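Engineer: My structure is below; once you've seen it, I'll send some questions.
The values are calculated or read from the model by the stated rules, or taken from the named source; none is laboratory data. Here the structure is a predicted model, which means the values were calculated and not measured. Here Cβ is always computed from backbone atoms with ideal geometry, including for glycine, and neighbour counts include all displayed protein chains. With ligands, DNA and RNA removed, areas are computed over all heavy atoms of the protein, side chains included. Shrake-Rupley method; radii C 1.70, N 1.55, O 1.52, S 1.80 Å.
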Amino acid sequence: RGQLLVSVIAVGVTLSIPTPAVEGDNYPVTEPGAALLWMTIAGIAGFTISELVRQREKLAVSLEMIARTDSLTGLPNRRAWDEALERELARADRTGAPICAALLDLDHFKEFNDLNGHQAGDEHLTATAQTWRKRLRTADLIARYGGEEFAVLFTATAMPRAREVVESLRDSVPQRETVSAGIAEWDRSESGAELVARADQALYEAKRTGRDRAVAMPAP
């Protein structure tokens, strides 16, 4: 906008200088009048363009947020989770703080959908997401990982506390539906994908041994 203002002033100064080539009484406006006219036109056009650019930038930010948000639950989506996970692991590496990841899966969700309908299933997912988000700290991250599966990242949290919170989440599911969960504590060398893979192994073990339980996998 500063450059635009300089340009408008330059147009005005240029057109305000008398032009010897302009002669005769038929010229419709004086030189100062022409300067004012063109400054007005330039100002309107310039500030219109500036406002369009501002709106475009605002729209870009909005679209970026949409691209990282699950449209059903309002939680961060898988893309946002992957980005945050690597960022938080790098921070934990610098600070030496423990960090845990958990995967939670609503048990028999297909049967719930078949019995109650897909609309009820969507409402159940949304209600569960809202309930769980309220029970977590702002420093933690919960995301919809896919389908009826959610991922939770516990920052600056060791396994005993992470397991306590996961049990609290399992006990707070609306309509008293059950949940299986797998928890893994970062071993301070594995990648984010490897950490989630261990949490997934723990989740598989929870399902294999009867569901409606949490299985913890401490750092090796």
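Engineer: Determine the share of region 107-219's accessible area contributed by carbon and sulfur atoms, expressed in whole percent, with a 1.4 angstrom probe.
Structural biologist: On the way: 2670 of 5660 Å².
Result for region 107-219: 47 percent of the exposed heavy-atom area is carbon or sulfur.
Engineer: State to the nearest 20 debye the size of the charge dipole of region 74-220 about its Cα centre, where the only charges are +1 on K and R beta carbons and -1 on D and E beta carbons. Intermediate results must be reported in sequence, preceding the final value.
Structural biologist: Numbers: 21 positive and 25 negative charges, 81 e Å.
Its charge dipole is roughly 400 debye.
Engineer: Related question: If you place +1 on the Cβ of every Lys and Arg, -1 on the Cβ of every Asp and Glu, and leave all else neutral, what size is the dipole of region 150-216 about its Cα centre, to the nearest 20 Debye?
Structural biologist: Working: 10 positive and 11 negative charges, 38 e Å.
Taking the Cα centre of region 150-216 as origin, the dipole is about 180 debye.
Engineer: Name the residue from Ser189, Pro220, Ala92 whose Cα lies farthest towards the positive end of the charge dipole of region 85-220, charges +1 on Cβ of Lys and Arg and -1 on Cβ of Asp and Glu.
Structural biologist: Working it through, the farthest residue towards the positive pole turns out to be Ala92.
Engineer: Also, I was wondering about something else. For Lys207, go through the lysines and keep the ones whose alpha-carbon is under 19 Å away, minus same-chain ones fewer than eight residues off.
Structural biologist: Lys207 reaches Lys110.
Engineer: Can you tell me the dipole magnitude for region 45-153 around its Cα centre, using point charges on the Cβ only (Lys, Arg +1; Asp, Glu -1), in Debye to the nearest 20? Write down the numbers at each step before the final one.
Structural biologist: Numbers: 15 positive and 18 negative charges, 123 e Å.
Dipole about the Cα centre, nearest 20: 600 debye.
Engineer: Another question, then. Calculate, in nm to one decimal, what Ser71 and Arg87 gain on full extension: separation in residues at 0.36 nm each, minus their alpha carbon distance. Show your work: numbers first, answer last.
Structural biologist: Numbers: separation 16, 0.36 × 16 = 5.76 nm, distance 2.33 nm.
Between Ser71 and Arg87, full extension yields an extra 3.4 nm.
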